[in-house]
Amino acid sequence: MRLEAKIPGGSLAEKWGRFKDEARLVNPANKRRYEIIVVGAGLAGASVSATLGELGYAVKCFVYHDSPRRAHSIAAQGGINAAKDYPSDGDSVRRLFYDTIKGGDFRSREANVYRLAEVSVKIIDHCVAQGVPFAREYGGLLDNRSFGGAQVSRTFYARGQTGQQLLLGAYSALARQAGLGAVRSLTHSEMLDLVVVGGQAKGIIVRDLVTGELSRHAADAVVLATGGYGNLYNLSTYARNSNATAIWRAYQRGAAFANPCFTQIHPTCIPMSGDYQSKLTLMSESLRNDGRIWVPKQKGDRRPPARIPEQERDYYLERMYPSYGNLAPRDLSSRAAKRICDEGRGVGESGLGVYLDFAEAIGRLGADRIRERYGNLFDIYHEITDENAYEAPMRIYPAMHYTMGGLWVDYGLMSNLPGLFVLGEANFSDHGANRLGASALMQGLADGYFIAPHTISDYLATQRPEQRPGIDHAAFAEAEASVRERIQRLLSVRGQRTVASFHRQLGKIMWEHCGLARNAPGLERARGLIAELRDEFWRNVNVPGSAGGLNQSLERAGRVADYFELAELTCQDALHREESCGSHFREEHQYPDGEAKRDDEHFAYVAAWRHDGPDRPPVLLREPLAYEEVEFVQRSYK
Amino acid sequence: MRLRLRVWRQGQDGAAGGFRVYPTPELNPNMSFLEMLDVVNDELTLKGEEPIAFDHDCREGICGTCSLVIDGKPHGPRRGVATCQTYVRSFRDGDEVCIEPFRARAFPIVKDLVVIRKAFDRIIEAGGFISVRTGGAPDANSLPVAKDVAEMAMDAAQCIGCGACVAACKNASAMLFVAAKVSHLNLLPQGQPERERRVMAMVRQMDAEGFGNCTVTGSCEAVCPKNIGLEFIARMNREYAAALLKGKT
Ligand SMILES: Cc1cc2nc3c(=O)[nH]c(=O)nc-3n(C[C@H](O)[C@H](O)[C@H](O)COP(=O)(O)OP(=O)(O)OC[C@H]3O[C@@H](n4cnc5c(N)ncnc54)[C@H](O)[C@@H]3O)c2cc1C
Ligand code: FES
């Protein structure tokens, strides 16, 4: 089988226009008869549900949350990029495109990334029209800031709550369609399987989390907008309930999973404080605009930071990357922090931390200006650590944050399983091996508002609603039975260990061997350990309660069971990619100065893995990355 | 340190709920309140008992999923934070801590500490939006918004939809929640065309959901994890009166 990206012809700037010009349309009078299932109501899911509802399709939107407004997107802090060039500092669609390709270390698909940059400008227009209260200047126009290593100011923001405001905008659009009856919003509803009929995605199996009942839902197209899989690592900046089950079940039904090993670790998170820890809190990257990162030059220097004189401090990012300094991209900053801590120069009780220091900025701008810019972040830091960052530097450490990998999709965001569309963080498409700050929100909304509605319509025009299989079709019965069987299996083990303890152990294995730096022996070892742990899980997990009602242990058990399998695939992908690129750092492949050594000759491709049945190794499908308008260059931020 | 937890337990079989007491194991004061419940739940699981069901997700005070009434206060002892941002160090070694669900007619209890807040979604569905279709919006900077207006709209828009305001109110009124959304949208120029319709529709739905009346005791403001102020209720009352005067329904 070959993966067809189906990229339209023409120059990069022409492709999306050409796609829309040539797309097949559905007769407006017929749209009501098409059923579309959307799973997820984060930025991607809520925006696509609302837009498809406006277009007249019959949409059902499922979330496991108690309300669509709770999706993990709500937690995004820093901002959203768009090539508006309002500050006239030299930004353009092409520059945003190029920065994203380069930031992704030349492992993303050129045509998709160009389109993302192109539609970015419309996102801001639309969100403002919806009433998203972006930050403004005194003249009443929109304010922008530079974010996450960009040299232009293209980031729009709403205090430190940009994700919240964008999600509430999309949620309100969804709510409006729900009120009009165009979208049915189904909450507390977790998708547990995908139903494939004749090679096409035609429905899902859902568990009602309150009653425990399973139900079958048929549709002409299924959209997964279910977010990333970073909780595979247990401790992460994700919401506690974010999980991979939807995309993993789709993988097992034949959807290819692309670049699972491209997982992003964010440099500025609050360090871990104990074994009971349930999540790691992100401190927005915007802090790096004014904060300076340092550690003592001397190994084991335990003096309080204020007592360490200037000349005995190592501002290592400024030293290593003079032109980007503290704004060096996430992967480089995270790796540098790990290297420094491995050398024994880390700070804090555990030695797993570096300082992020505002003393100089406070001296230059005054504490009030700093409070105005970052007050809420300083408050969060204080809440969690009981320390005052106006007086002493913050301590930060990298944490798992985002997954660039995800289900493989073509240019139209459709998986290799026709009828299955994958949007937002759940797909692999735009960020290559590393995502730039403020571009996930952009991608989620680009996919949901401006891209998928066109590409889904184009697909639906080939489908006949009257031929849609009913839920009494054998494929639905089989899928429901397999979900039921799996739930019973989980409940019947009644072993000695909690789900949480397995999740914690799996996370440790992944963080250690498939985290910031990876090598072949470590990855091999991790695969062995994961397989053992998975076996033990199915023999020894204790899932209390029954299937017949709200059972949070059961929910988590199902998700963790999926993580074992995804973890194995992630390690396999990391092992096969014998190069270092973006977030994927293979210790065997580095230059003498410790920088990543990419291998374009052998690895300039998307690695898409296809399930080949239980107990058989997955098949690797390669989509070559042929760049028409950019040239591979070594990514340098020096 | 250790605490004794008095926790509301209620099954899904229709039987009445009641309190159960659970002594905690040794706790680290830097643990979050929810991490403490995780630890207690792990112990219960290993003892063969059903763990305590409670809602949570982001664990950083933004998603509005966590709830809990802790020692009689929604979201616990500290002002301006949610339950998930409450830390064990806010309590003293040996304290007995009472944990109950949010209680309100419009928020039915599912199990233990989990309630359904779907009524809030229906209020938003009734009018908590600006009706724009995707595509065709004018350039974002074609409509300047004064900075102070944008800031005030943002103050209101910060609401996380947790429902603590309802749980704190003796009348179980949802006024603060509705006022925050009405104010956010009605303050902005984009929200003007639907200004009156919005407030009327949302208030009507609020009443239909069985939320009580507002008698301005201010208990909602005191527990709001985002410090959303009573002035927004006053603003909404004005909006409502103005719409009524214009004969809108
Ligand atoms: C702390 C933090 C800060 C961030 N800050 C920024 C930032 O400043 N800028 C930026 O661009 N990006 C940021 N990101 C990344 C960005 O927030 C996410 O990548 C993005 O919001 C993902 O959106 P999504 O719509 O793809 O998925 P999500 O928002 O994760 O939504 C997933 C949805 O799917 C549903 N779901 C999942 N599985 C199922 C299932 N099996 N059944 C039913 N429903 C299901 C959930 O209920 C939910 O509605 C940040 C991320 C984190 C963790
Ligand atoms: S868990 Fe999200 S606000 Fe508390």
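Overview of results
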quantity	calculated
1 or more residues within 14 Å of another protein chain (Cβ to nearest Cβ): qualifying strands (runs of 3 or more DSSP E) within region A:179-298	A:183-186, A:189-197, A:200-208, A:263-269
Enumeration of residues in region B:1-32 that are more than 8 Å from every other protein chain (Cβ to nearest Cβ), under 21 Å from A:S501 (Cβ atoms) and surrounded by 15 or more Cβ atoms within 10 Å (Cβ to Cβ)	B:Y22, B:T24, B:L27
All positions within region A:135-178 that are buried (at least 24 other Cβ atoms within 10 Å of the Cβ), among the basic types (K, R) and within 11 Å of another protein chain (Cβ to nearest Cβ)	A:R176
Candidates A:Y64, A:Y86 - the one that is within 16 Å of ligand 2 (Cβ to nearest atom) and part of a loop (DSSP other than H, G, I, E, B)	A:Y64
Positions within region A:256-308 being among the aliphatic types (A, V, I, L, M) and closer than 21 Å to B:I62 by Cα, in sequence order	A:I270, A:M272, A:L280, A:L282, A:M283, A:L287
Some residue of region B:138-145 being in a loop (DSSP other than H, G, I, E, B), more than 10 Å from chain A (Cβ to nearest Cβ) and touching a strand residue (DSSP E or B) at 6+ places or on another chain (Cβ under 7 Å)	no
Residue among B:K118, B:K47 that alone is among the basic types (K, R), farther than 28 Å from B:K170 by Cβ and away from ligand 2 (no atom under 16 Å from the Cβ)	B:K47
Elements of type helices (runs of 4 or more DSSP H) contained in region A:485-589, each with 3 or more residues being buried (at least 19 other Cβ atoms within 10 Å of the Cβ) and within 14 Å of chain B (Cβ to nearest Cβ)	A:499-514, A:552-576
Test for A:A46: is it more than 16 Å from ligand 2 (Cβ to nearest atom), within 14 Å of chain B (Cβ to nearest Cβ) and within 26 Å of A:N243 (Cα to Cα)	yes
Those residues of region B:122-160 which are of a type in the set (V, I, T) and either more than 16 Å from ligand 2 (Cβ to nearest atom) or surrounded by fewer than 20 Cβ atoms within 10 Å (Cβ to Cβ) (or both), in sequence order	B:I123, B:I124, B:I130, B:V132, B:T134, B:V145, B:V149
Residue in region A:132-151 that is within 21 Å of A:G45 (Cβ to Cβ) and part of a loop (DSSP other than H, G, I, E, B) present	yes
Options A:N241, A:N259; residue that is farther than 30 Å from B:D55 by Cα and either at pLDDT 95 or above or more than 13 Å from ligand 1 (Cβ to nearest atom) (or both)	A:N259
Residue within region B:52-71 that is over 23 Å from A:E555 (Cβ atoms) and either within 16 Å of ligand 1 (Cβ to nearest atom) or free of Cβ contacts under 8 Å to residues at least 40 places away in the same chain (or both) present	yes
Flag if B:L113 is more than 10 Å from chain A (Cβ to nearest Cβ), of a type outside the set (D, E) and closer than 20 Å to A:E555 by Cβ	yes
Verdict on A:Y98 being of a type in the set (F, W, Y), crowded, with 24+ Cβ neighbours inside 10 Å and either within 10 Å of ligand 1 (Cβ to nearest atom) or at pLDDT 95 or above (or both)	no
Enumeration of residues in region B:96-116 that are over 16 Å from the mean Cα position of the chain (by Cα) and surrounded by 14 or more Cβ atoms within 10 Å (Cβ to Cβ)	B:V97, B:C98, B:I99, B:V110, B:K111, B:D112
Conditions (1) closer than 29 Å to A:A76 by Cα; (2) in the same structural domain as B:G14 (by TED's automatic domain parsing); number of the one not met by B:D95	(1)
Scan of region A:326-364 for residues that are of a type in the set (G, A, S) and assigned to a helix (DSSP H, G or I), ordered by number	A:S333, A:S334, A:A336, A:A337, A:A359, A:A361, A:G363
Unique residue being in contact (Cβ under 8 Å) with a residue 12 or more places away in the chain and touching a helix residue (DSSP H, G or I) at 6+ places or on another chain (Cβ under 6 Å) when the list is A:T162, A:T226, A:T211, A:T155	A:T226
Qualifying position, being touching a residue at least 60 places away in the same chain (Cβ under 8 Å) and of a type in the set (D, E, K, R), among A:R435, A:R464	A:R435
Segments classed as helices (runs of 4 or more DSSP H), wholly inside region B:160-249, with at least 1 members that are under 22 Å from B:A82 (Cβ atoms), within 14 Å of another protein chain (Cβ to nearest Cβ) and not hydrophobic (A, V, I, L, M, F, W, C)	B:175-187
Enumeration of residues in region A:435-462 that are surrounded by 17 or more Cβ atoms within 10 Å (Cβ to Cβ) and part of a loop (DSSP other than H, G, I, E, B)	A:R435, A:L436, A:G437, A:A438, A:S439
Residue in region B:34-56 that is surrounded by fewer than 15 Cβ atoms within 10 Å (Cβ to Cβ), under 26 Å from A:Q164 (Cα atoms) and at pLDDT 95 or above present	no
Positions within region A:49-73 being within 11 Å of chain B (Cβ to nearest Cβ) and farther than 25 Å from B:C162 by Cα, in sequence order	A:T51, A:L52, A:G53, A:E54, A:L55
Breaking point among (1) touching a His at 6+ places or on another chain (Cβ under 7 Å); (2) away from ligand 2 (no atom under 16 Å from the Cβ); (3) within 30 Å of A:L352 (Cβ to Cβ), for A:V206	(3)
Single match in A:D85, A:D89 (criterion: more than 12 Å from every other protein chain (Cβ to nearest Cβ) and either modelled with pLDDT under 95 or surrounded by fewer than 24 Cβ atoms within 10 Å (Cβ to Cβ) (or both))	A:D89
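Listed here are the residues, each with its yes/no results for (1) under 15 Å from A:L166 (Cβ atoms); (2) under 25 Å from the mean Cα position of the chain (by Cα); (3) not aliphatic (A, V, I, L, M).
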position: A:N81; (1), (2), (3): yes, yes, yes
position: A:K84; (1), (2), (3): no, yes, yes
position: A:V93; (1), (2), (3): no, yes, no
position: A:V113; (1), (2), (3): no, yes, no
position: A:L116; (1), (2), (3): no, yes, no
position: A:C127; (1), (2), (3): yes, yes, yes
position: A:D143; (1), (2), (3): no, no, yes
position: A:F147; (1), (2), (3): yes, yes, yes
position: A:Q151; (1), (2), (3): no, yes, yes
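Yes or no, residue by residue, for (1) within 14 Å of A:R70 (Cβ to Cβ); (2) more than 14 Å from ligand 2 (Cβ to nearest atom):
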residue: B:N41; (1), (2): no, yes
residue: B:A53; (1), (2): no, yes
residue: B:G64; (1), (2): yes, no
residue: B:S67; (1), (2): yes, no
residue: B:R78; (1), (2): no, no
residue: B:C84; (1), (2): yes, no
residue: B:Y87; (1), (2): no, no
residue: B:S90; (1), (2): no, yes
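The values are calculated or read from the model by the stated rules, or taken from the named source; none is laboratory data. Everything numeric in this text was worked out from a predicted model, so none of it was measured. Neighbour counts are summed over all protein chains in view; Cβ atoms, including those assigned to glycine, are modelled from backbone coordinates with ideal geometry.
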